[in-house]
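Notes follow the structure.
The values are calculated or read from the model by the stated rules, or taken from the named source; none is laboratory data. Quick caveat, the model's predicted, so the values are computed rather than measured. Backbone-built Cβ (ideal geometry, glycine too); neighbour counts: all protein chains shown.
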């Protein structure tokens, strides 16, 4: 049975990410964090982990942090290991009666620190079964260090390490499907979402992830205006186009059962998502029609595979 929410009350919950951080206007990372932390129930405390990246350098400067909960900054590669260790210590101390409060354990990492550098640490934490949530705010590149390509970068994207020009069409490889890889760890909960409508989809998935016993993984598309090349006011439009073109399908995997969260009534062509972004402007030059067709074919293939997995 679907839980009903009064979203006026939900959106008026006290913020657990304080204002005054230095994230860019139009950045999806901040919205991802605020929405996920809003899903914590009143009275529950949290320990927040944060891999090095845009979010970390913009929300923490020793000894000040924008987080209202306990906060740990760790290296690019070990966000999963850090929080799994803290969660284990908490269980031991609670068993001995030294801690009475209820704590939840949530760690954030960008795609660089999740798909790539931190993948081993993340995989280990999920396989060991720690009661924690790993949240990837996926902005599709190493934005913090200059927009270098990551394995989450989509094919043909123009980045500083895969520049589009006369000798290159941007990144050659297709993007990694990390949510599917996490589902293959057979953990209790995996979900993919982004920012559309009243944030109900992301909020409900965040609450499920936090309050499902055991490990959980959230993959949130979090656009970057500087790296993607869109006006900061167009954040929500970019997210909507990503979903309506099926570039970023929304789904969850509950105890191995794949569930489609949203299917567009009229699936838009991928050009609608690509056109507003500067990183894909070379695709619309005369003679590059085959590149857009290849992008569309990959999106269609993945959408069909997802639909076959879901009931």
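Residues in the stretch 49-57: is at least one over 18 Å from the mean Cα position of the chain (by Cα) and surrounded by fewer than 20 Cβ atoms within 10 Å (Cβ to Cβ)? No - not one qualifying residue is present in the stretch 49-57. For the stretch 89-118, filtering for residues that are touching a residue at least 40 places away in the same chain (Cβ under 8 Å) and within 25 Å of the chain's Cα centre (by Cα) leaves 15. Inspect the stretch 284-304 for any residue being touching a strand residue (DSSP E or B) at 6+ places or on another chain (Cβ under 6 Å), at pLDDT 95 or above and assigned to a loop (DSSP other than H, G, I, E, B) and give the result as yes or no. No: the stretch 284-304 contains no residue that is touching a strand residue (DSSP E or B) at 6+ places or on another chain (Cβ under 6 Å), at pLDDT 95 or above and assigned to a loop (DSSP other than H, G, I, E, B).
Residue 46 passes every criterion in (1) in contact (Cβ under 8 Å) with a residue 60 or more places away in the chain; (2) closer than 21 Å to residue 192 by Cβ apart from (2). Restricted to the stretch 15-112, the set of helices (runs of 4 or more DSSP H) holding at least 1 residues that are out of contact with any strand residue (DSSP E or B) (no Cβ under 8 Å at 6 or more places or on another chain) and closer than 22 Å to residue 226 by Cα comprises 28-38, 54-59.
Per this entry, residue 246 is not counted among residues that are in contact (Cβ under 8 Å) with a residue 60 or more places away in the chain and buried (at least 21 other Cβ atoms within 10 Å of the Cβ). Quick check: is even one residue across the stretch 152-175 surrounded by 18 or more Cβ atoms within 10 Å (Cβ to Cβ), at pLDDT 95 or above and part of a helix (DSSP H, G or I)? No, because not a single residue in the stretch 152-175 is surrounded by 18 or more Cβ atoms within 10 Å (Cβ to Cβ), at pLDDT 95 or above and part of a helix (DSSP H, G or I). The set of residues in the stretch 116-147 being outside any helix (DSSP H, G or I) and over 28 Å from residue 170 (Cα atoms) consists of 129, 130, 131, 132, 133, 134. Only one of the listed residues (292, 270, 259) is without any contact (Cβ under 8 Å) to a residue 60 or more places away in the chain and over 23 Å from residue 193 (Cβ atoms). That residue is 292.
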